[in-house]
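To start, the structure under review is shown below, and the notes come after it.
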Amino acid sequence: MPEPVFRALEIAAKAVVKVVGSEITYHGLENIPPSGGAVVAVNHTSYVDWLAAGLAVHYRGRRIRYMIKAEMQRVKVVDYLIRHTKTIPVNRQAGADSYAVAIQRLRGGELVGVYPEATISRSLELKEFKTGAARMADEANVPIIPLIVWGAHRIWTKDHPKNLGRRKIPITVAVGAPLSAADTIEQTNAALRAAMTSLLHRSQEEYPHPEGAYWVPRRLGGSAPTLTEAARMDAEETAARAARRVAQQSGSGWAGRKE
């Protein structure tokens, strides 16, 4: 199907990459199946890694249907794009409906994009994986395509200012061989994590990393938080967000009371 909104986004994405001067290097595009359903598992270090991953799929003549947090629908423009690109909103408190939609799309021959880590990795290493990608591949009987984006975090990541403009920041996209679901979800998840770790390390080895840079993992001599430090920061952020929700709900409840 033509999907004019998606087509417009593809044209805009390529124009943005050209304007900012970033060179995206693609490895393993042949691993993206030319047809049929598959779960595309993407690492998450940036607010814009979806763009590079989406272009990789585009250059194989396919389109990716991302699963994203439902809160994004509060922005009218984003909500319009979600509804016209078959993007799948996910309510983290009640994800059964979005999971069912994803299974339907996979069985219908679509590529569904997921972030197994769920949230951006402050350490720039792979965090603990959720089981969604493995469960979907098993239930829909489709392969998982491991995909790594490296370099996009230099443009926009957590805890640091956006680095927009014509910066010519190089980005690497590496796609691994399709993985079939194993006997158990745990085995599938372990195989996926191993494949993505291998792709990530290989991509990092071929990328220049100045010592002490905030966008370089501690393992490679950078100043990014370690996995342990990042986990603590994530926990503090989650607690603060929960406290704000409680305060807002309490405030709304108080405002609605009559003495």
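The values are calculated or read from the model by the stated rules, or taken from the named source; none is laboratory data. From a predicted model like this one, the values you see are computed outputs, not experimental measurements. Heads up, the Cβs are rebuilt from the backbone with ideal geometry, glycines too, and the neighbour counts pull from every protein chain shown.
At a glance:
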{"item": "Residue match in the stretch 112-121 (condition: modelled with pLDDT under 95, surrounded by 15 or more Cβ atoms within 10 Å (Cβ to Cβ) and either in a loop (DSSP other than H, G, I, E, B) or not charged (D, E, K, R) (or both))", "result": "yes"}
{"item": "Filter result for L164 (in the same structural domain as K130 (by TED's automatic domain parsing) and assigned to a helix (DSSP H, G or I))", "result": "no"}
{"item": "Number of positions in the stretch 144-168 that are within 17 Å of the chain's Cα centre (by Cα) and not hydrophobic (A, V, I, L, M, F, W, C)", "result": "6"}
{"item": "Matching residues in the stretch 156-186 - criterion: being touching a strand residue (DSSP E or B) at 6+ places or on another chain (Cβ under 8 Å) and either surrounded by 20 or more Cβ atoms within 10 Å (Cβ to Cβ) or of a type in the set (D, E, K, R) (or both)", "result": "I171, T172, V173, A174, V175, G176, L179, A181"}
{"item": "Residues of the stretch 1-21 satisfying the condition of being surrounded by 10 or more Cβ atoms within 10 Å (Cβ to Cβ), closer than 16 Å to R65 by Cβ and not small (G, A, S)", "result": "E3, V5, F6, R7, L9, E10"}
{"item": "Test: residue in the stretch 27-35 that is farther than 22 Å from A134 by Cα, in the same structural domain as I88 (by TED's automatic domain parsing) and outside any loop (DSSP other than H, G, I, E, B)", "result": "yes"}
{"item": "Tally of residues being out of contact with any strand residue (DSSP E or B) (no Cβ under 9 Å at 6 or more places or on another chain) and either at pLDDT below 95 or among the charged types (D, E, K, R) (or both) across the stretch 16-42", "result": "5"}
{"item": "Count of residues meeting criterion [in contact (Cβ under 8 Å) with a residue 12 or more places away in the chain and over 15 Å from I64 (Cβ atoms)] in the stretch 96-115", "result": "4"}
{"item": "Single residue of the stretch 187-237 satisfying the filter (of a type in the set (S, T, Y) and assigned to a helix (DSSP H, G or I)) that is surrounded by the most Cβ atoms within 10 Å (Cβ to Cβ)", "result": "T188"}
{"item": "Conditions (1) without any contact (Cβ under 8 Å) to a residue 60 or more places away in the chain; (2) among the hydrophobic types (A, V, I, L, M, F, W, C); (3) surrounded by fewer than 24 Cβ atoms within 10 Å (Cβ to Cβ): number failed by A134", "result": "(3)"}
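Yes/no matrix, rows are residues, columns are (1) outside the structural domain of I64 (by TED's automatic domain parsing); (2) charged (D, E, K, R); (3) at pLDDT 95 or above; (4) touching a Pro at 6+ places or on another chain (Cβ under 8 Å):
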| position | (1), (2), (3), (4) |
| --- | --- |
| E139 | no, yes, yes, no |
| I145 | no, no, yes, yes |
| L179 | no, no, yes, yes |
| S198 | no, no, yes, no |
| S203 | no, no, yes, no |
